[in-house]
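Just below is one structure, and these are the notes that go with it.
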Amino acid sequence: MSTHTAKETNRSPKTLWRRLALGAVAGVIASLVMAMYAMIAALTYQGTGFFTPLYHIASLVISPDHMMMSIQQADAGNAFAFYAGPAAVGAAIHMMT
């Protein structure tokens, strides 16, 4: 003698997983947009180098030397100094957060 209402169907496990997946995808997209904004801002009006925000984030767990080298390279005219290891660490931390 059970009747299903709209509230019961919105609480089904399938609906919950769909909402969680949608939220996760929206979070990934938002983090990518935020990262690009930070990198473009660092390149243009901050003048610290395009990849410096990634190195700044990575400095939470590794030495900030790469961040400082990126800033020094930007001052010398190379705004796109790239160090793969620290960039990957910074991107991973950014996406996890």
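The values are calculated or read from the model by the stated rules, or taken from the named source; none is laboratory data. This one's a predicted model, so the numbers in the text were calculated from it and none came from an experiment. Reconstructed Cβ throughout: ideal geometry from the backbone, glycine too, with neighbour counts over all protein chains shown. Side chains included, ligands, DNA and RNA excluded: accessible areas come from the protein's heavy atoms. Shrake-Rupley method; radii C 1.70, N 1.55, O 1.52, S 1.80 Å.
How many percent of the accessible area of the chain is carbon or sulfur, using a 1.4 Å probe? On the chain, the fraction of accessible area on carbon and sulfur atoms equals 69 percent.
In this rough spin-label picture, where each label sits 7 Å from Cα along the Cβ direction, the M95-M69 distance is 2.3 nm. Highest mean packing comes first when the peptides 83-95, 47-59 are listed by Cβ atoms within 10 Å, giving 47-59, 83-95.
For the chain, the membrane-span-like helix rule (DSSP H, alpha carbon extent of at least 20 Å along the helix axis, mean Kyte-Doolittle at least 1.0) picks out 13-43; this says nothing about an actual membrane.
A simple spin-label model places the labels of S31 and R18 2.5 nm from each other, with each point 7 Å out along Cα-to-Cβ. Mean residue ellipticity at 222 nm, helices only, the chain: -22000 deg cm²/dmol; runs of at least 4 DSSP H residues each add -39,500 (n - 2.57), and the sum is divided by the number of residues. With both labels modelled 7 Å from their Cα along Cα-to-Cβ, the A88 to L60 distance reads 1.9 nm.
With the other protein chains left in place, how much accessible area per residue, in square angstrom, belongs to the chain at a 1.4 angstrom probe?
72 Å²
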